[in-house]
Amino acid sequence: YVDSLKTFGITELDEKQFDMLMEMAEKELPFEEKIRVLYSISRSMKFMKKNFHGISYDQIEQKCFATIQQEIFKASNVNQVKKYKIAENQVKVSLPVRVNWGGGWTDTPPYCNEKGGVVLNAAILLNGQEPIEVELRKLPEKHIEFASLDLDAHGVVTTAAEIQDCHNPYDSFALHKAALIACGIIPMEGEADLEKILDEMGGGFYMSTRVKGVPKGSGLGTSSILSGACVRALGKFLGTTWSDSDVYELVLNLEQIMSTGGGWQDQVGGVTPGIKFITTKPGIDQKIQVEHVELESETLQELEERFALIYTGQRRLARNLLRDVVGNYIGSRRESLEALAEMEKTAVLMKFELQCGNIDGFAELLNTHWELSKQLDKGSTNTCIDQIFVSIEDLIDGRFISGAGGGGFLQVIMKKGVTRQMLSRRLHEVFQDSGVDVWETRFI
């Protein structure tokens, strides 16, 4: 819309055009067009360095992304409060992390809603353990106690309003609160009596979360998997029969409540074990299909022997990463559209090569995906990552990032005959005590 104005010789958006376009976005346009109008207005305002009616470009951009979250939320049944009874006195849930191989970003709204998503990923133990932990304990007191153990944060809530205030990203218990809303224990808005709710449940409860031994910004999907562990623990605590599919949907809704956006591959990667080929069809209400990729024992053994996870010693610092990548898709950046389409195809081919027992072919496709990731987001790599890959060039056949890259962990497929010890020794020789090293992993 904004771009079309230039066809008529209008190079800059003025206040009258701004008002007209905003009114169209508010009243007339379907979802797909509305988000593109809003995004285009925000880009035009940013380029012109103009505000209209005291409204800045980033407020319009925020409205664009909020529209996506609201549309997904409306398609769910999240705000249907249910009556629960505490079924277990104590529940503890532990989950692994995940490594992403093919199709990352295609699971993210609105791409998956418009095109469908295709992802290949796998659950892994890190240093021999499942690092994600959530614990629930019944309490006689009619209140809820929260703990975020890795942040050393503890708190008590006595009103529903405290739980409904879950949109502050700096709140140590935002995830805990959003989980209670997503699971239908507390309404998202409106009056509610927490003491009465807990009385009907049979008591108050303690809810703690912890991520053990995983650095922040790891790229291993810890935030969404922690959300999945919260939902699964609440389900067991309350005696529900939620399937894995129910948990995926509840986590996707939970993240819309928190306004963090994000897609569905991380929670699927950690909640469900194994190597998984995950697909959805276009639609606001995403129906996630999970196919376990069964490998011959020889193939799995070779993959275990040749796969390695390398910590960069760095945390990715990119607050606006999601907005940048998703914004480029909404704004129809050619390189982004091409990369996302090719990522879907690459995920399909990766699955094929693994099922054929061709680890060399899989490694080559990782390299292809790595180039597509850099095409989608230049911040996927940096000097440190480039240096790590160059230093081990003769030891590896395939390379990739974990998550969005730019820090956290790297993934490699080593050449036949190369061991993790050899890889670790090389990294120590080059990077010494900088934190760059191979971590122990195992597929589960």
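Values for this structure:
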| read-out | value |
| --- | --- |
| Entirely in region 78-191, the strands (runs of 3 or more DSSP E) that have 1 or more residues that are closer than 26 Å to Thr240 by Cβ and touching a residue at least 40 places away in the same chain (Cβ under 8 Å) | 90-95, 97-102, 117-126, 132-139, 144-148 |
| Output for region 300-349, where each listed residue is among the polar types (S, T, N, Q) and either under 30 Å from Glu33 (Cα atoms) or not in a helix (DSSP H, G or I) (or both) | Thr312, Gln314, Asn320, Asn328, Ser332, Ser336, Thr346 |
| Filter result for Leu309 (within 20 Å of Leu366 (Cα to Cα) and either of a type outside the set (Val, Ile, Thr) or more than 19 Å from the chain's Cα centre (by Cα) (or both)) | yes |
| Residues (open to solvent by less than 30 Å² (accessible area, probe 1.4 Å), aliphatic (A, V, I, L, M), under 18 Å from Val418 (Cα atoms) and in a helix (DSSP H, G or I)) located in region 367-395 | Ile388, Leu395 |
| Filtered residues of region 423-444 (kept if modelled with pLDDT of 95 or more and open to solvent by 70 Å² or more (accessible area, probe 1.4 Å)) | Arg425, His428, Glu429, Val430, Glu440, Arg442 |
| Out of Gly274, Gly270, sole residue that is in contact with a Lys or Arg (Cβ under 7 Å, 6 or more places away or on another chain) and either of a type in the set (Phe, Trp, Tyr) or open to solvent by less than 20 Å² (accessible area, probe 1.4 Å) (or both) | Gly270 |
| Every pair of residues 6+ apart whose Cβ atoms lie under 6 Å, when the first sits in region 252-268 and is over 14 Å from Ala174 (Cβ atoms) and outside any helix (DSSP H, G or I) while the second is of a type in the set (Phe, Trp, Tyr) and open to solvent by less than 20 Å² (accessible area, probe 1.4 Å) | Trp264/Tyr248 |
| Subset of region 228-260 that is open to solvent by less than 10 Å² (accessible area, probe 1.4 Å) and at pLDDT below 95 - its residue that is farthest from Gly104 (Cα to Cα) | Ile257 |
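The values are calculated or read from the model by the stated rules, or taken from the named source; none is laboratory data. The structure presented is a predicted model; accordingly, all values stated were derived computationally and were not measured. Cβ: placed from backbone, ideal geometry, glycine included. Neighbour counts: every protein chain shown. Accessible surface areas use protein heavy atoms only, side chains included; no ligands, DNA or RNA. Shrake-Rupley method; radii C 1.70, N 1.55, O 1.52, S 1.80 Å.
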